[in-house]
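Peer 1: Okay, here's the structure, questions in a sec.
The values are calculated or read from the model by the stated rules, or taken from the named source; none is laboratory data. Note that the coordinates shown come from a computational prediction; the quantities given were computed from them, not determined experimentally. Virtual Cβ from ideal backbone geometry, glycine too; neighbours counted across all protein chains shown. Quick note on the areas: whole protein, heavy atoms, side chains included, nothing else; ligands and nucleic acids left out. Shrake-Rupley method; radii C 1.70, N 1.55, O 1.52, S 1.80 Å.
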Amino acid sequence: MQKTGSDITKEVFIGGVMNKKLVVVKLGTSVLTAGKLHLNKPRMVDIVRQCVELRESGYKVVIVSSGAVAAGRSQLPTPIGNSVSEKQMLAAIGQGQLIHQWQSLFGLYDVPVAQMLLTRADVEHRERYLTAKDTLTQILKHDVIPIFNENDAVATAEIKVGDNDNLSALVAILANAEKLILLTDQAGLFTADPRSNPDAELITQISEIDDSVKSLAGDSGTSLGTGGMATKLQAAQIAQRAGIETIIAKGSEANILVDVLNGEAPSTRVLKFDAPLEGRKKWLLSGPKSTGTIICDLGAVEALTCQGASLLAKGIVGVNGVFARGDLVSLSDSQGNVFAKGLSAFDNQELEQIKGLHSQDIAKQLGYVLSNVVIHRDDLVLLTS
Ligand code: GLU
């Protein structure tokens, strides 16, 4: 039976659970400028054409677009430096031009676009995160293409995500996307630098981003391309844990978006973890930065990772960092391997006093009772498959 537009919308748009056929497409500066100093209009035209084609075959498309700083730079007659405030000024100048270009190119197909500028602070607080999610939901429901970028002009070091690879993973979580496509200047992750090593082979599939995979990425922008494979793997790891597949592919290839989705273009696919996370846990993955670490004994690691338990004071052997009640902390084993994140019901000083104690002794030690568990299961997200 032929699907109508509204059938497709229903299939794609199913509230809190994963939105099948919703893709987040991240376009790096090198893709949008074709490696030059200005936005490259033919490249943008081609991307727009492909996004429209995807829409016509039932996909919802969300864009994360870099290029504001590059666009700003190209508008000023004199060269501008690279200090933070100069780049913020360039982003303020260029963001307008960037969105104007997208608007006029999508306008050729009568497709409206919406600008969404975020910083980490906008996803850190659960209420702000949910507000951004509601706005995005409305935008998608009305068949508008949202175009995200970091709100560089006002983002200080403390509140910024810092790079659009990581931002795109947060956007993919916000959108409950099925897939995240990172378009860059390489076909994916290689076994060695393909520009200097003719034997370098493309890694087509990754199921776990371990240290050996990370070591292939090198530092941002130095090893395998200006796109920075290291931040792409960080993004893929966040997406993977949230149940979203990531595809890294070369943005300059003709028809790349359509081809990667049909499995017909060279790319690196980072598979998603199977266990789906509920919304609050996805937010824990995407939102707050952890401010401390709780070190757990073997029994607690086992209970948390294999038995779905909450973290009790008894299983804590150490506490690092300064944090308040309700802050996000990392959980590690005694070798320092971080295996989970969660919201602590106690601050670091209280935990120092109650670590190793049975739950019934907490009140006696502190003189008050806050909670019988240190991190409740509902406030905890595992970082392993
Ligand atoms: N937000 C920056 C810009 O629009 C790009 C950051 C990045 O590409 O990681 O220029």
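Peer 1: If I ask for residues that are open to solvent by 40 Å² or more (accessible area, probe 1.4 Å) and of a type outside the set (Gly, Ala, Ser), which ones from region 338-368 would you list?
Peer 2: Val338, Gln349, Glu352, Gln353, Lys355, Leu357, His358, Gln360, Asp361, Lys364, Gln365, Tyr368
Peer 1: Checking the structure you have, find out if any residue of region 36-49 is open to solvent by less than 10 Å² (accessible area, probe 1.4 Å), modelled with pLDDT under 95, of a type in the set (Val, Ile, Thr) and closer than 30 Å to Lys272 by Cα. Working first, answer last.
Peer 2: Initially, region 36-49 is screened for residues open to solvent by less than 10 Å² (accessible area, probe 1.4 Å), giving 44, 47-48.
After this cut, where a residue has to be modelled with pLDDT under 95 as well, the list is none.
So far as region 36-49 goes, no, none of its residues is open to solvent by less than 10 Å² (accessible area, probe 1.4 Å), modelled with pLDDT under 95, of a type in the set (Val, Ile, Thr) and closer than 30 Å to Lys272 by Cα.
Peer 1: Another question, if that's okay. Considering Ala254, Ala303, Ala265, Ala242, which residue is within 25 Å of Asp210 (Cβ to Cβ) and out of contact with any Gly (no Cβ under 9 Å at 6 or more places or on another chain)?
Peer 2: Among Ala254, Ala303, Ala265, Ala242, only Ala242 is within 25 Å of Asp210 (Cβ to Cβ) and out of contact with any Gly (no Cβ under 9 Å at 6 or more places or on another chain).
Peer 1: A further question on this structure: Only one residue in Gly367, Gly356, Gly326 is closer than 30 Å to Ala239 by Cα and of a type in the set (Gly, Ala, Ser), so which one is that? Can you show your working first?
Peer 2: Details: Gly367 fails: closer than 30 Å to Ala239 by Cα; Gly356 fails: closer than 30 Å to Ala239 by Cα.
Of the residues listed, the single one that is closer than 30 Å to Ala239 by Cα and of a type in the set (Gly, Ala, Ser) is Gly326.
Peer 1: In region 123-150, which residue that is within 16 Å of the ligand (Cβ to nearest atom) and under 23 Å from Thr291 (Cα atoms) is modelled with the lowest pLDDT?
Peer 2: Checking each candidate, the answer is Val123.
Peer 1: Follow-up question, since we're still on this one. Inside region 164-181, can you point out the residues that are away from the ligand (no atom under 14 Å from the Cβ) and part of a helix (DSSP H, G or I)?
Peer 2: Looking only at region 164-181, we keep the residues that are away from the ligand (no atom under 14 Å from the Cβ), and these are 172-181.
The answer is Ala172, Ile173, Leu174.
Peer 1: Cβ contacts < 7 Å: first residue in contact (Cβ under 8 Å) with a residue 60 or more places away in the chain, restricted to region 48-65; second residue of a type outside the set (Gly, Ala, Ser) and surrounded by fewer than 16 Cβ atoms within 10 Å (Cβ to Cβ), any location; separation 6+ or different chain. Result?
Peer 2: Gln50/Asn255
Peer 1: Quick one: in region 239-258, which of the residues that are aliphatic (A, V, I, L, M) and closer than 17 Å to Asn166 by Cα is surrounded by the most Cβ atoms within 10 Å (Cβ to Cβ)? Step through it out loud before you land on a result.
Peer 2: Our first condition is that a residue be aliphatic (A, V, I, L, M); within region 239-258, this holds for 239, 242, 244, 247-249, 254, 256-258.
If we keep only those that are closer than 17 Å to Asn166 by Cα too, we end up with 239, 242, 244, 247-249.
Details: Ala239: 27, Ala242: 26, Ile244: 27, Ile247: 23, Ile248: 29, Ala249: 21.
Taking the candidates together, the pick is Ile248.
Peer 1: Here's a follow-up. Just to be sure before I move on: is Gln97 part of a helix (DSSP H, G or I), touching a helix residue (DSSP H, G or I) at 6+ places or on another chain (Cβ under 9 Å) and open to solvent by 10 Å² or more (accessible area, probe 1.4 Å) in the structure I sent?
Peer 2: So Gln97 fits the description; yes.
Peer 1: Follow-up question, since we're still on this one. Is it the case that region 259-267 has a residue that's open to solvent by 40 Å² or more (accessible area, probe 1.4 Å), small (Gly, Ala, Ser) and within 17 Å of the chain's Cα centre (by Cα)? Give the derivation first.
Peer 2: Our first condition is that a residue be open to solvent by 40 Å² or more (accessible area, probe 1.4 Å); within region 259-267, this holds for 262-264, 266.
Right, trim to small (Gly, Ala, Ser) and you get 263.
Filter again for within 17 Å of the chain's Cα centre (by Cα), leaving none.
The answer is no; no qualifying residue exists.
Peer 1: Within region 99-114, track down each residue that is out of contact with any strand residue (DSSP E or B) (no Cβ under 6 Å at 6 or more places or on another chain) and either within 16 Å of the ligand (Cβ to nearest atom) or closer than 15 Å to Val64 by Cα (or both).
Peer 2: His100, Gln101
Peer 1: Sort out for me the helices (runs of 4 or more DSSP H) sitting completely within region 20-92 that have 1 or more residues that are within 14 Å of the ligand (Cβ to nearest atom) and touching a His at 6+ places or on another chain (Cβ under 9 Å).
Peer 2: 68-75
Peer 1: Output the residues belonging to region 146-158 that are open to solvent by less than 50 Å² (accessible area, probe 1.4 Å) and in a loop (DSSP other than H, G, I, E, B). Walk me through it before giving the result.
Peer 2: Quick first cut of region 146-158, residues open to solvent by less than 50 Å² (accessible area, probe 1.4 Å) only: 146-153, 155.
Matches in region 146-158: Asn151, Ala155.
Peer 1: Could you pull out the residue among Gln335, Gln307 that is closer than 23 Å to Arg280 by Cα, open to solvent by 40 Å² or more (accessible area, probe 1.4 Å) and either at pLDDT 95 or above or of a type in the set (S, T, N, Q) (or both)?
Peer 2: Gln307
Peer 1: Further, regarding this structure: Here is a check on your reading of the model: is Val161 assigned to a loop (DSSP other than H, G, I, E, B), within 11 Å of the ligand (Cβ to nearest atom) and either aliphatic (A, V, I, L, M) or open to solvent by less than 50 Å² (accessible area, probe 1.4 Å) (or both)? Break it down stepwise before answering.
Peer 2: Numbers: assigned to a loop (DSSP other than H, G, I, E, B): yes; within 11 Å of the ligand (Cβ to nearest atom): yes; either aliphatic (A, V, I, L, M) or open to solvent by less than 50 Å² (accessible area, probe 1.4 Å) (or both): yes.
Taking the combined requirement at face value, the residue satisfies it.
Peer 1: Out of the residues in region 114-145 meeting the condition of being assigned to a loop (DSSP other than H, G, I, E, B) and closer than 22 Å to Gly96 by Cβ, tell me which one is most open to solvent (accessible area, probe 1.4 Å).
Peer 2: It comes out as Val144.
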